[in-house]
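**Q** Quick one: structure below, then a few questions.
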Amino acid sequence: MRKIGELKNEKDALNLWSYLKTENIETTLEKEEDESWSIWVSEEDKVKVAQKELSEFVANPENKKYISVNKSVDLQSQVEENRTSTNKNSRFKEHNLRDRWSTRVKSPGTYTLSLIFTCIGVFLISGMGKNTEIVGQFFISEKFNGVLTEFLSGQFWRIFTPIFLHFHIFHILFNMLWLFDLGSKIERNKGAKHFISFVLVVAAASNVTQYFISGPAFGGMSGVVYALFGYVWIKSKLDPGDGFYIDSFSSMFVFGWFFLCLTGSMGSIANWAHASGLIIGLGWGYLSALKWNWGSNK
C-alpha cells in the first residue's frame with residue numbers, strides 16, 4: 001500500500017476515491033491530524049496511474065468525469081452513514097492505517113506461518129538437530145568436496161533446505177520470532193509472490209555463499225532473517241511511504257548480534273550466510289526505494 005498524496009477537504013477526497021474505484025484502482029482514505037485526507041493505493045502496480053489521476057484531479061477537480069461519478073450521491077450523507085454503520089458492504093469507510101499496520105505485525109502471513117511450521121517440524125523430527133541421518137538430508141551437500149555433488153546430480157532442492165535446520169532451542173526461537181515479525185511485514189505489505197521470491201533468492205544465495213567459503217555443515221533461517229531485516233530497515237529509512245517500520249532498539253539489537261557473532265564468541269555460526277543475507281536485503285530494499293524515489297521525482 002502506497003500513499004500518493006493528500007487532499008485538503010473530504011468532498012474532494014471522496015470524489016477522487018469514487019472515480020478511482022470506477023477505474024479499478026482500490027484506494028483507502030485516511031484523515032490526518034490537520035483535517036486533510038491522505039490517499040493510499042492498495043496495489044503498487046497501479047500507483048503511477050493513480051498519481052497521474054491525482055495530478056489531473058488537482059488541476060481540475062470540477063471536471064465532469066469526477067462529478068458525473070457522484071452526481072446521484074450525497075457524499076456527506078454517505079460519509080455519515082458509514083461512520084455510524086457496521087455494514088461491511090458500504091461504499092466508503094474511514095481507516096486508520098497506522099493501526100492497520102500494527103495489527104498486521106501481530107498476525108503472520110500464510111507463507112510466513114508455513115515456513116515457521118516447517119522449521120519447527122524439521123527441528124522435531126531431526127531430534128533438535130541431533131539426528132545426523134535426517135540432518136544430512138537437509139544439508140546443501142553431504143560431501144566436503146566443494147562441488148555441490150548432489151545438486152549437480154539433480155537434487156536441486158538442497159540449495160534451499162538448509163534454512164529449515166536448527167540445532168538448539170535458542171537457535172530456532174531467535175529465528176522464528178524474527179521471521180514471524182519481519183516476514184509478516186513483508187508478506188502483508190508486498191504480497192505473497194514478492195515474499196516467496198525474496199525468500200527463495202536469499203536462501204539460495206546465502207546457502208551457496210556459506211558452502212563455498214566454509215563447507216556444507218550448517219543450517220538455519222538466519223541468512224533469510226538478516227535479509228528480511230535489511231530490507232525492512234533500509235525501506236523504513238529511504239522509503240517510509242511504503243509502510244515499513246522498525247524501532248531503533250530492534251535495529252541496534254540485530255546489528256549488535258550480527259557483529260557479536262562475527263567475533264566468534266558465540267561458537268560456530270554461519271556468518272557468511274548472515275552477511276550475504278544482510279547485504280542482499282539491504283541492496284534489494286535500496287534498489288526498491290531508489291526506483292520509487294526516482295520515479296516519483298521524474
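**Q** For segment 149-161, state whether one or more residues are under 25 Å from GLY285 (Cβ atoms) and assigned to a helix (DSSP H, G or I).
**A** Scanning segment 149-161, I find at least one residue that is under 25 Å from GLY285 (Cβ atoms) and assigned to a helix (DSSP H, G or I), so the answer is yes.
**Q** Name the single residue that is surrounded by the most Cβ atoms within 10 Å (Cβ to Cβ) among those in segment 2-22 being part of a strand (DSSP E or B) and of a type outside the set (D, E, K, R).
**A** ILE4
**Q** Select from segment 159-188 the residues that are open to solvent by 60 Å² or more (accessible area, probe 1.4 Å) and without any contact (Cβ under 8 Å) to a residue 60 or more places away in the chain and list them in ascending order.
**A** Scanning segment 159-188 gives PHE160, PHE167, HIS168, ILE169, PHE170, LEU173, LEU177.
**Q** Consider only pairs whose beta carbons are under 7 Å apart and that are at least six residues apart or on different chains; among these, list those whose first residue lies in segment 1-23 and is of a type in the set (Lys, Arg) and whose second residue is in a helix (DSSP H, G or I) and open to solvent by less than 70 Å² (accessible area, probe 1.4 Å).
**A** From residues that are of a type in the set (Lys, Arg), the pairs are ARG2/VAL47; ARG2/GLY241; ARG2/ASP242; LYS3/GLY241; LYS11/LEU75.
**Q** Also, I was wondering about something else. Which residues, counting only those in segment 189-225, are within 16 Å of the chain's Cα centre (by Cα) and either more than 19 Å from THR118 (Cβ to Cβ) or surrounded by fewer than 20 Cβ atoms within 10 Å (Cβ to Cβ) (or both)?
**A** Within segment 189-225, ASN189, LYS190, GLY191, ALA192, LYS193, HIS194, ILE196, SER197, LEU200, VAL201 qualify.
**Q** Also, I was wondering about something else. Pick out the one residue from VAL41, VAL49 that is without any contact (Cβ under 8 Å) to a residue 60 or more places away in the chain, open to solvent by less than 10 Å² (accessible area, probe 1.4 Å), more than 15 Å from GLU10 (Cα to Cα) and of a type in the set (A, V, I, L, M).
**A** VAL41
**Q** Tally up the residues in segment 256-298 that are under 19 Å from the mean Cα position of the chain (by Cα) and either surrounded by 14 or more Cβ atoms within 10 Å (Cβ to Cβ) or at pLDDT below 90 (or both), please.
**A** Count: 18.
The values are calculated or read from the model by the stated rules, or taken from the named source; none is laboratory data. Keep in mind it's a predicted model, so treat the numbers as computed, not measured. Don't worry about glycine lacking a Cβ; one is built from the backbone with ideal geometry, like all the others, and counts go over all protein chains shown. Side chains are part of the model used for accessible areas, which takes the heavy atoms of the whole protein and leaves out ligands, DNA and RNA. Shrake-Rupley method; radii C 1.70, N 1.55, O 1.52, S 1.80 Å.
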